[in-house]
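Here the structure is laid out as structure tokens; the discussion comes afterwards.
The values are calculated or read from the model by the stated rules, or taken from the named source; none is laboratory data. Not measured: the values here are computed from a predicted model. Heads up, the Cβs are rebuilt from the backbone with ideal geometry, glycines too, and the neighbour counts pull from every protein chain shown.
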Amino acid sequence: MTSLLETEDETMLRDAARGFLTEASPVRALRENRDQSRAYDPGLWREMAQMGWTGVLIGEDQGGADMGHRAAGILAEEMGTTLAASPFISTAVMAATALRNAASDRLSQIAEGGVTYALAVDEGAKHNPAQTSVSAEKSGNAYLISGVKTFVADGRSADRILLLARTAGSAGETAGLTVFDIDATRAGITRDAKPTVDSRDHARITLDNVEATGADILGTLDDGMTLIARALEAGQAALAAELSGVAGGAYAMTVNYLKERKQFDRTIGSFQALQHRAAHLWSEIEVTSSAIINAGRVLDTSPKEASLAVSLAKARATATAKLAVSEGVQMHGGIGMTDEYDIGFYMKRARVGAEWLGDYGYHAARVAQARGF
Amino acid sequence: MVEETTEQSGFRSEIADWITANCPSSLRSEVMDENLIVWGGKNWKFKRQDQKDWMEAAIARGMTAPRWPVEYGGAGLSRSQEKIFREEMARLEAPTPLESFGLWMLGPALLEFGTHEQKSLFLPPITRGEIRWCQGYSEPGAGSDLANVQTKAEDMGDHWLVNGQKIWTSYADQADWIFALVRTDRDAPKHKGISFMLIDMRSAGVTTKPIRLISGKSPFCETFFDNVKVPKSYGEGISSIVGEVNRGWDVAKHLLTHEREMIGGGARGLLGGRSLGDFLSSLDDNILADPVIRTQAMELEIDSLAFAMTMERYKDQAQSGRGVGNASAMLKYCGTEINKRRYELLMSAAGSEGVEWDGPHGALAPEWLRTKANSIEGGTSEVMLDIISKRVLELPGK
């Protein structure tokens with residue numbers, strides 16, 4: 001097994017990311033986004049592009065920094081720590097992975113920050129790509145795509161959409177799916193904002209006889225599942241890393257509060273009932289971080305065999321983030337329930353992250369399958 | 001991942017050849033079983049010739065204590081060489097030739113706190129399996145509050161007069177010597193008046209009595225000291241006390257960190273590398289169709305895998321020279337809690353067959369009961385959480 005210790009390069013990247021995000025995108029920035037009804041700050045995204053973050057998974061020949069999935073995880077984790085909102089996972093992780101595996105020449109646009117993407121996969125309340133029923137019917141030389149996609153992250157703001165549609169077979173089958181790379185403003189597309197608790201961009205996308213051609217197909221006709229699965233795994237690993245950052249951020253805020261708040265003439269952090277809960281939470285975060293690092297390492301070394309590592313990371317991160325934010329709000333007491341205080345933002349993002357790209361049960365089932373249950 | 005140097009890969013192939021040539025094939029790929037552990041000591045009788053051959057070959061090369069200096073009976077391996085040795089042992093399925101509390105605990109304590117003369121007298125017989133040590137820490141009134149040691153050692157000029165009782169002394173009835181915490185200053189604050197003493201178990205006034213646990217027979221004993229005379233010196237420069245008199249707590253704390261890593265590590269590989277699902281299915285083909293057991297098994301599998309990775313990460317960190325420090329309390333806490341969950345699940349899966357003392361699943365019931373001690377021995381889970389909150393999280397005392 002590859003060592004899970006952080007390398008010097010990784011520590012430098014983490015320190016740089018932390019320094020930047022603490023300044024440029026503290027939790028206050030998320031509050032401002034929310035109050036101004038915007039999903040993210042385009043200025044922040046431009047700066048991320050300038051630092052090479054948008055090209056983290058893109059080859060140098062396409063203008064990327066080609067730092068790999070573990071590096072993408074470190075960036076996502078630091079974004080989670082300050083709740084920095086951006087289309088990073090949708091665009092720089094998932095779309096970049098799909099486009100790279102399909103050798104698309106749009107990669108350089110992602111690397112330079114010139115285009116953002118959303119992945120339109122889910123159609124119900126739970127993540128289940130094989131259940132895709134949005135259909136792309138062959139009509140002469142073109143396809144006519146119709147149906148509804150739900151819970152499309154960055155779906156309102158994205159410039160382009162990677163759309164998973166059925167070109168053959170029926171819902172439930174992994175074969176017969178195809179990925180289309182289309183402009184988000186193409187005729188027949190309606191994007192309805194579905195404001196979510198985490199104040200980020202989520203949309204319901206209705207497709208009404210949207211016209212696409214063979215040139216819009218990314219990868220191979222009817223074999224889109226292979227392509228999208230790799231992109232989803234990359235996204236799941238990055239999201240797991242983000243959630244681990246969310247857990248770490250909530251934990252840090254909570255432990256600081258325990259050291260400051262006084263009740264009964266004592267610092268509440270001196271109460272053993274709270275100490276043990278905080279120590280348990282720290283332990284869970286430590287254990288989860290190993291699974292996060294491992295997922296990044298496996299994606300970098302054997303991307304085709306990453307399913308177990310990725311699902312393990314997403315499951316652990318989902319559970320740990322949930323624990324961290326629940327404990328965080330409880331240990332803050334009344335102030336933790338107020339909108340004025342930041343801890344609630346962590347709880348909301350943890351809940352959305354728990355559902356996005358497969359919930360605990362989805363990933364637990366994948367772990368069980370990989371482990372021969 | 002760092003590439004292995006030529007020197008390292010040379011050592012790897014050399015050590016693999018040595019293991020292959022010296023570890024009898026009848027021992028390799030043998031299922032790990034408590035009854036197969038070689039403990040050594042004056043009372044030890046080998047049940048198998050191949051174990052004796054393997055131990056003697058290992059002794060000849062210092063490989064019973066790979067990291068210890070050659071002059072004290074070790075092999076003088078570097079950290080990275082030892083890692084390679086362990087990896088090759090695992091790969092070739094060779095069992096550890098000799099295990100003992102001397103190798104695990106007293107040795108590291110002497111190497112850290114002992115004089116050259118103490119090391120020269122006590123370490124080589126440990127590496128040769130000649131002297132078996134036991135550990136005398138806990139007392140009836142000193143459990144989690146270990147520093148509350150009451151066994152007293154009075155200064156009688158040329159010797160110490162020891163009176164008191166130890167409890168949970170594993171294999172005290174088999175051991176030749178004991179390393180014990182004794183109170184040498186009754187007036188000092190409780191952490192300050194303790195010494196780390198080496199006592200011959202054949203001394204007049206030492207008696208032992210085995211303890212029966214809820215799981216049945218156990219290696220644990222009570223050990224009684226009734227006017228035991230312990231010489232102040234076992235020879236020139238060889239005090240019977242390790243480190244300074246009244247500073248035994250420092251030695252004990254150092255050793256407890258070792259012990260915690262060991263106990264925490266017990267949760268790994270217990271199923272012989274098989275997945276929990278395979279293990280459960282071997283109990284009953286349909287058991288994973290039970291939705292509650294299936295859910296618990298998935299959760300446990302996820303947590304166990306992530307914990308195993310964490311053990312590896314911390315081991316790498318320790319081997320890279322950066323300490324693990326108080327975070328070892330987390331390994332002990334998580335590892336033992338996971339192990340208890342695992343056995344609860346196995347018992348649920350085994351159903352009524354699991355509660356039979358001698359049922360179709362062998363020692364499952366006593367093993368399940370025994371796991372309940374995992375989160376008590378070597379510092380309770382609550383003490384581990386105390387250590388984490390005070391030393392890692394730096395939460396205030398009072």
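Evaluate the following for B:R322: is it of a type in the set (K, R), surrounded by fewer than 21 Cβ atoms within 10 Å (Cβ to Cβ) and not in a loop (DSSP other than H, G, I, E, B)?
Spelling it out, it is not the case that B:R322 is of a type in the set (K, R), surrounded by fewer than 21 Cβ atoms within 10 Å (Cβ to Cβ) and not in a loop (DSSP other than H, G, I, E, B).
Evaluate segment B:201-224: report whether one residue or more is in a loop (DSSP other than H, G, I, E, B), over 26 Å from B:W168 (Cβ atoms) and either within 14 Å of another protein chain (Cβ to nearest Cβ) or modelled with pLDDT of 95 or more (or both).
Step one: list which residues in segment B:201-224 are in a loop (DSSP other than H, G, I, E, B), which gives B:201-205, B:211-212, B:214-215, B:217-220.
In the following step, the residues that additionally are over 26 Å from B:W168 (Cβ atoms) were identified as none.
Looking through segment B:201-224, none of the residues is in a loop (DSSP other than H, G, I, E, B), over 26 Å from B:W168 (Cβ atoms) and either within 14 Å of another protein chain (Cβ to nearest Cβ) or modelled with pLDDT of 95 or more (or both).
Scan segment B:323-351 for residues that are away from chain A (no Cβ under 14 Å) and free of Cβ contacts under 8 Å to residues at least 24 places away in the same chain and jot them down.
Of everything in segment B:323-351, just one residue is away from chain A (no Cβ under 14 Å) and free of Cβ contacts under 8 Å to residues at least 24 places away in the same chain, namely B:M347.
Could you check segment B:225-249 and list, in sequence order, the residues that are among the aliphatic types (A, V, I, L, M), in a strand (DSSP E or B) and closer than 23 Å to B:L123 by Cβ?
Passing the criteria: B:V230, B:I241, B:V242.
Looking at segment B:296-314, which of its residues are closer than 26 Å to B:K390 by Cβ and either of a type in the set (S, T, N, Q) or more than 10 Å from chain A (Cβ to nearest Cβ) (or both)?
B:T310
Condition first: within 14 Å of chain B (Cβ to nearest Cβ) and not β-branched (V, I, T). Now tell me which residues in segment A:1-57 satisfy that.
A:M1, A:S3, A:L4, A:L5, A:E6, A:E8, A:D9, A:E10
Looking at A:M79, is it surrounded by fewer than 19 Cβ atoms within 10 Å (Cβ to Cβ), out of contact with any strand residue (DSSP E or B) (no Cβ under 6 Å at 6 or more places or on another chain) and hydrophobic (A, V, I, L, M, F, W, C)?
So A:M79 does not fit the description; no.
Do the conditions hold for B:V230, that is, is it closer than 20 Å to B:G107 by Cα and either at pLDDT below 95 or surrounded by 15 or more Cβ atoms within 10 Å (Cβ to Cβ) (or both)? It would help to see each step written out before you state the result.
On the way: closer than 20 Å to B:G107 by Cα: no; either at pLDDT below 95 or surrounded by 15 or more Cβ atoms within 10 Å (Cβ to Cβ) (or both): yes.
No: the conditions fail for B:V230.
Kindly check whether there is at least one residue in segment B:26-39 that is assigned to a helix (DSSP H, G or I) and crowded, with 20+ Cβ neighbours inside 10 Å.
No, the conditions are met nowhere in segment B:26-39.
In segment A:290-303, how many are of a type outside the set (A, V, I, L, M), touching a residue at least 40 places away in the same chain (Cβ under 8 Å) and more than 8 Å from chain B (Cβ to nearest Cβ)?
First, the residues of segment A:290-303 that are of a type outside the set (A, V, I, L, M): A:290, A:294, A:296-297, A:300-303.
This time we only want the ones that are touching a residue at least 40 places away in the same chain (Cβ under 8 Å), so: A:290, A:294, A:296-297, A:300-301, A:303.
Filter once more, keeping what is more than 8 Å from chain B (Cβ to nearest Cβ): A:296-297, A:300-301, A:303.
Looking only at that region, the number is 5.
Mind listing whichever residues of segment B:202-218 are free of Cβ contacts under 8 Å to residues at least 60 places away in the same chain, surrounded by fewer than 17 Cβ atoms within 10 Å (Cβ to Cβ) and not hydroxyl-bearing (S, T, Y)?
Result: B:R202, B:A204, B:G205, B:K209, B:P210, B:I211, B:R212, B:K217.
Considering only segment B:382-394, I want to know if a residue exists there that is buried (at least 19 other Cβ atoms within 10 Å of the Cβ), at the interface with another protein chain (Cβ under 9 Å from one of its Cβ atoms), of a type in the set (D, E) and more than 19 Å from the chain's Cα centre (by Cα).
For segment B:382-394, residues buried (at least 19 other Cβ atoms within 10 Å of the Cβ), at the interface with another protein chain (Cβ under 9 Å from one of its Cβ atoms), of a type in the set (D, E) and more than 19 Å from the chain's Cα centre (by Cα): present.
Please go through segment A:155-181 and give me each residue that is free of Cβ contacts under 8 Å to residues at least 60 places away in the same chain, of a type in the set (G, A, S) and not in a strand (DSSP E or B), ordered by number.
A:G155, A:A168, A:G169, A:S170, A:A171, A:G172, A:A175, A:G176
Tell me yes or no: at least one residue of segment A:331-341 is in the same structural domain as A:E242 (by TED's automatic domain parsing), within 22 Å of A:M94 (Cα to Cα) and touching a Leu at 6+ places or on another chain (Cβ under 7 Å).
No, every residue in segment A:331-341 fails to be in the same structural domain as A:E242 (by TED's automatic domain parsing), within 22 Å of A:M94 (Cα to Cα) and touching a Leu at 6+ places or on another chain (Cβ under 7 Å).
Between B:A58, B:A90, B:A65, B:A94, which is touching a helix residue (DSSP H, G or I) at 6+ places or on another chain (Cβ under 8 Å) and either assigned to a helix (DSSP H, G or I) or among the basic types (K, R) (or both)? Lay out the reasoning, then the answer.
Numbers: B:A90 fails: touching a helix residue (DSSP H, G or I) at 6+ places or on another chain (Cβ under 8 Å); B:A65 fails: either assigned to a helix (DSSP H, G or I) or among the basic types (K, R) (or both); B:A94 fails: either assigned to a helix (DSSP H, G or I) or among the basic types (K, R) (or both).
Just one listed residue meets the conditions, B:A58.
Counting only residues that are buried (at least 19 other Cβ atoms within 10 Å of the Cβ) and either in a loop (DSSP other than H, G, I, E, B) or not hydrophobic (A, V, I, L, M, F, W, C) (or both), how many does segment A:349-361 have?
Matching residues across segment A:349-361 total 6.
Pairs, please: C-beta under 9 Å, at least 6 apart or cross-chain, first residue in the same structural domain as A:A165 (by TED's automatic domain parsing) and under 14 Å from A:A187 (Cβ atoms) and in segment A:142-154, second of a type in the set (K, R) and part of a strand (DSSP E or B)?
What qualifies is A:L144/A:K138.
State yes or no: is A:I343 within 14 Å of A:A252 (Cα to Cα) and either in contact with a helix residue (DSSP H, G or I) (Cβ under 8 Å, 6 or more places away or on another chain) or in contact (Cβ under 8 Å) with a residue 12 or more places away in the chain (or both)?
Numbers: within 14 Å of A:A252 (Cα to Cα): yes; either in contact with a helix residue (DSSP H, G or I) (Cβ under 8 Å, 6 or more places away or on another chain) or in contact (Cβ under 8 Å) with a residue 12 or more places away in the chain (or both): yes.
Yes: the conditions hold for A:I343.
Each row is one residue, and each column tells you yes or no for (1) in contact with an Asp or Glu (Cβ under 9 Å, 6 or more places away or on another chain); (2) more than 14 Å from every other protein chain (Cβ to nearest Cβ).
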residue	(1), (2)
A:G334	no, yes
A:G344	no, yes
A:K348	yes, yes
A:V352	yes, yes
A:D359	no, no
A:H363	no, no
A:V367	yes, no
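Results for (1) over 27 Å from B:I15 (Cα atoms); (2) part of a strand (DSSP E or B); (3) among the charged types (D, E, K, R); (4) free of Cβ contacts under 8 Å to residues at least 40 places away in the same chain, shown as yes or no for each residue.
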residue	(1), (2), (3), (4)
B:Q81	no, no, no, no
B:R86	no, no, yes, yes
B:L98	no, no, no, no
B:E117	yes, no, yes, no
B:P124	no, no, no, no
B:V162	yes, yes, no, no
